Protein chains: 2
Amino acid sequence: MEERAAQPVWDYLQSMEACIVAFDDFTDIDVFFLWDLLNRVREPGCRVRLLGDSDKHVSSTGIEIPMHGHISESAECDVVLFASGMGTRRKRTDATFLSAFRLDPKRQLIGSMCSGALLLAALGLLEGKSATTYPTVRELLASTGVRVVEKPFVREGNVATAAGCLAAQYLAGWVIEEKFGAAKREEVLRSIMPVGEGLYFSDAEQVARAYATSTP
Amino acid sequence: MEERAAQPVWDYLQSMEACIVAFDDFTDIDVFFLWDLLNRVREPGCRVRLLGDSDKHVSSTGIEIPMHGHISESAECDVVLFASGMGTRRKRTDATFLSAFRLDPKRQLIGSMCSGALLLAALGLLEGKSATTYPTVRELLASTGVRVVEKPFVREGNVATAAGCLAAQYLAGWVIEEKFGAAKREEVLRSIMPVGEGLYFSDAEQVARAYATSTP
């Protein structure tokens with residue numbers, strides 16, 4: 001009893017410090033789908049941030065988004081997810097960008113959407129591993145020595161790749177289940193299903209939790 | 001032959017001026033999923049814009065997005081789609097906001113995601129019609145006299161409602177098929193499917209078109 005009382009209160013909470021790594025010329029949906037899903041966890045110890053190497057980044061369709069911090073802060077995150085987009089072709093050979101990361105799959109969950117796998121490869125995180133990526137960059141990823149497989153989600157220990165925008169559900173689902181359990185994963189993923197096809201009017205009370213202060 | 005030559009060149013192109021109506025406290029994915037899908041059409045006469053009643057709007061998760069124009073410009077659009085989010089609860093009784101719209105289902109395709117149906121109802125566009133909405137606002141929408149049905153997508157002529165975030169595929173798909181045909185709809189929707197589950201490495205060349213200048 002005394003020992004428990006001595007522990008700081010945050011030890012009792014599930015927590016997750018997650019980041020999504022963005023850059024100029026990112027694919028909108030591959031940032032915002034992950035962002036939206038992870039924000040539905042709504043647990044007190046859960047924080048999600050967009051990290052870049054600039055204050056703002058512009059998507060491939062021209063939407064300018066403010067970042068929450070610098071990519072070097074990814075070292076302190078529990079979860080680091082790389083976005084996709086044409087920008088990955090430049091960033092994978094950008095030594096300044098790459099050297100800002102201090103990632104460790106032993107203590108972090110690390111993942112990518114679509115061509116974000118190119119950045120995992122550039123950081124040496126896919127050596128000797130299988131991975132998936134978007135069809136248009138299959139050959140480029142394979143040229144780095146990665147075994148590219150035609151699957152929506154490939155997990156190798158604490159490193160995972162997802163491909164095809166809707167596969168964000170697998171990537172975010174993996175992270176949420178690892179950190180908060182299968183029930184939370186199910187709750188979050190149900191909240192975005194089409195009505196009548198996985199989400200029902202009778203789910204109103206349960207899915208309202210995914211929005212906490214704001215409902216859709 | 002002479003008559004054809006006299007027509008302006010843009011009569012020969014498929015075109016679409018589309019807008020997504022946003023506001024403060026919008027649900028991120030319900031704006032960005034539609035935005036991303038409509039931007040994949042990549043036809044010369046296709047333009048998509050975010051319209052609001054302010055220069056910028058902040059999502060329910062705190063992302064600040066610049067708008068491309070004012071909601072009053074929706075009158076000149078071929079397609080007007082309303083986003084969702086807690087903001088709809090305020091906007092549905094905001095007389096200044098509502099009076100800025102001059103919409104006409106006879107010449108426009110008009111639609112909504114999730115609680116965006118509350119705005120269609122407030123604008124009188126769902127009178128005597130069936131519609132769908134997010135589970136958490138079913139009762140509120142029904143209280144306006146709308147017949148609320150548990151379906152992902154409900155189309156009544158040129159007015160359509162979709163509910164559950166992934167149902168954006170039905171709403172955007174409807175718009176794309178109406179304006180550019182079934183093949184374009186299929187091309188766009190395939191480009192976001194999970195790899196190995198609807199999208200395959202052999203689709204690389206076809207889906208690359210959805211990204212035109214930038215690939216994912």
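The values are calculated or read from the model by the stated rules, or taken from the named source; none is laboratory data. Everything quoted here is computed from the prediction, not taken from an experiment. Backbone-built Cβ (ideal geometry, glycine too); neighbour counts: all protein chains shown. To get the accessible areas, we keep the full protein, side chains included, count just its heavy atoms, and leave off ligands, DNA and RNA. Shrake-Rupley method; radii C 1.70, N 1.55, O 1.52, S 1.80 Å.
Strictly greater than 10 Å: what percent of every Cα pair in segment A:165-204 meets that? Intermediate values should be presented prior to the final figure.
Numbers: 542 of 780 pairs.
Every Cα pair in segment A:165-204 considered, those over 10 Å come to 69 percent.
I'd like the Karplus ³J(HN,Hα) series for segment B:157-166: coefficients 6.51, -1.76, 1.60, θ = phi - 60°, whole numbers in Hz, and an x wherever there's a Gly or Pro.
Going residue by residue, I get x, 9, 10, 9, 10, 10, 8, x, 3, 5 Hz, with x marking Gly and Pro.
So what's the protein assembly as shown giving for Cα Rg divided by 2.2 N^0.38 Å, two decimals? Mind dumping the intermediate values first?
Details: Rg = 21.8 Å, N = 432, 2.2 N^0.38 = 22.1 Å.
Here the answer is 0.99, to two decimals.
Measuring from the axis that superposes chain A on chain B, report the chain A residue with the minimal C-beta distance, rounded to whole Å.
Looking at chain A's Cβ atoms against the axis toward B, the nearest is A:Phe32, 2.
What does DSSP give for segment A:59-174 in terms of the percent of beta bridges that are antiparallel, rounded to the nearest 5?
On the way: 4 of 14 bridges.
Within segment A:59-174, antiparallel bridges account for around 30 percent of the total.
Under a 10 Å cutoff between Cα atoms, tell me which one of B:Glu150, B:Glu139, B:Glu205 has the largest fluctuation in the Gaussian network model of chain B.
Among B:Glu150, B:Glu139, B:Glu205, the largest mean-square fluctuation in the Gaussian network model of chain B belongs to B:Glu205.
Return the single residue from B:Tyr134, B:Tyr170, B:Tyr200 with maximal mean-square fluctuation; model: Gaussian network over chain B, springs between Cα atoms under 10 Å.
Among B:Tyr134, B:Tyr170, B:Tyr200, the largest mean-square fluctuation in the Gaussian network model of chain B belongs to B:Tyr200.
What residues qualify as long-range amide H neighbours of A:Phe82, i.e. H under 5 Å apart, gap of 5 or more or another chain, H built at 1.01 Å from N?
Sorted by chain and number, the residues that satisfy this are A:Val21, A:Gly111, A:Ser112, A:Met113.
Let me test this: with uniform point scatterers at the alpha carbons of chain A, what is the Debye-based log₁₀ I(q)/I(0) at q = 0.10 1/Å?
Normalising to I(0) and taking log10 leaves -0.44.
Just which residues of segment B:189-206 lose 30 Å² or more accessible area with every protein chain there, against their chain alone, with the probe set to 1.4 Å?
So the qualifying set is B:Ile192, B:Pro194, B:Val195, B:Glu197, B:Phe201, B:Ala204.
Between A:Gln14 and the same site in the other copies, what are the distances in nm, shortest first, taking label points 7 Å from Cα along the C-beta direction?
Label point to label point, same position, other copies: 4.4 nm.
Check cross-link reach from B:Lys106 to the aspartates and glutamates: straight Cα distance under 19 Å, and skip same-chain residues fewer than eight apart.
Qualifying aspartates and glutamates at Cα under 19 Å: B:Glu17, B:Glu73, B:Glu76, B:Asp78, B:Glu127, B:Glu156, B:Glu177, B:Glu178.
Starting from 0 in steps of 5 Å, tell me what percent of the Cα-Cα pairs of segment B:95-149 lands in each bin.
4, 20, 32, 23, 16, 5, 0
Using protein heavy atoms only (no ligands, DNA or RNA), what is the total accessible area buried between B and A, 1.4 Å probe, nearest 100 Å²? The partial results should precede the final answer.
On the way: alone 11010 and 11030 Å², together 17220 Å².
Using a 1.4 Å probe, the pair buries roughly 4800 Å².
Hey, for A:Arg89 with labels 7 Å out along Cα-Cβ, what do the inter-copy distances come to in nm, ordered shortest first?
4.6
Given the -39500 (n - 2.57) contribution per DSSP H run of 4+ residues, what per-residue ellipticity at 222 nm results for the protein assembly as shown, rounded to the nearest 500 deg cm²/dmol? Write out the running numbers ahead of the final one.
Values: 18 runs with 130 residues, N = 432.
After summing the helix terms and dividing by the residues of the protein assembly as shown, the value is -7500 deg cm²/dmol.
Can you pull a Stokes-Einstein diffusion coefficient for segment B:129-200 at 37 °C (0.692 mPa s), Rh from Kirkwood over Cα pairs, as a whole number of µm²/s?
Details: Rh = 13.4 Å.
Answer, rounded: 245 µm²/s.
For segment A:56-98, state what percent of all Cα-Cα pairs lands in each successive 5 Å bin, counting from 0 Å until the bin that includes the largest distance.
Result returned by the calculation: 5, 16, 24, 31, 20, 4, 0.
Roll a 1.4 angstrom probe over the protein heavy atoms and tell me the percent of accessible area of segment A:114-216 that is carbon or sulfur. Spell out each step's value before the answer.
Values: 1720 of 3730 Å².
C and S atoms contribute 46 percent here.
Would you kindly work out, in nm and rounded to one decimal, the distances from the label point of B:Glu64 to those of the same position in each other copy, ordered shortest first, with label points 7 Å along Cα-to-Cβ?
Between copies, matching label points for B:Glu64 lie 1.1 nm apart.
A drop of at least 30 square angstrom in accessible area, chain alone versus all protein chains together, probe 1.4 Å. Which residues of segment B:129-152 meet that?
B:Tyr134, B:Pro135, B:Thr136, B:Arg138, B:Glu150, B:Pro152
If the chain between B:His68 and B:Ala183 were fully stretched, how many nm would it gain, using 0.36 nm times the residue separation less the Cα-Cα distance?
Details: separation 115, 0.36 × 115 = 41.40 nm, distance 2.89 nm.
That pair, B:His68 and B:Ala183, stretches by 38.5 nm at full extension.
Report, in listed order, any pair from A:Lys56/A:Lys151; B:Lys56/B:Lys151; A:Lys151/A:Lys179; A:Lys91/A:Lys179 with a Cα-Cα distance greater than 26 Å. Before the final figure, lay out the partial values.
On the way: A:Lys56/A:Lys151 32 Å; B:Lys56/B:Lys151 32 Å; A:Lys151/A:Lys179 23 Å; A:Lys91/A:Lys179 29 Å.
In this structure, A:Lys56/A:Lys151; B:Lys56/B:Lys151; A:Lys91/A:Lys179 exceed 26 Å between Cα atoms.
Treating the angle as unsigned and between 0 and 90°, give the value, to the nearest 10°, between the Cα long axis of helix A:28-39 and the longest Cα principal axis of chain A.
The angle comes out near 30 degrees.
Which residues' amide hydrogens lie under 5 Å from the amide hydrogen of B:Arg47, considering only partners 5 or more residues apart or on another chain, with H built in the peptide plane?
Residues meeting the amide H criterion: B:Met16, B:Glu17, B:Ala18.
Can you tell me which of A:Pro44, A:Pro105, A:Pro194 moves the most in a GNM of chain A? Springs connect C-alpha atoms under 10 Å apart.
Top of the fluctuation ranking is A:Pro194.
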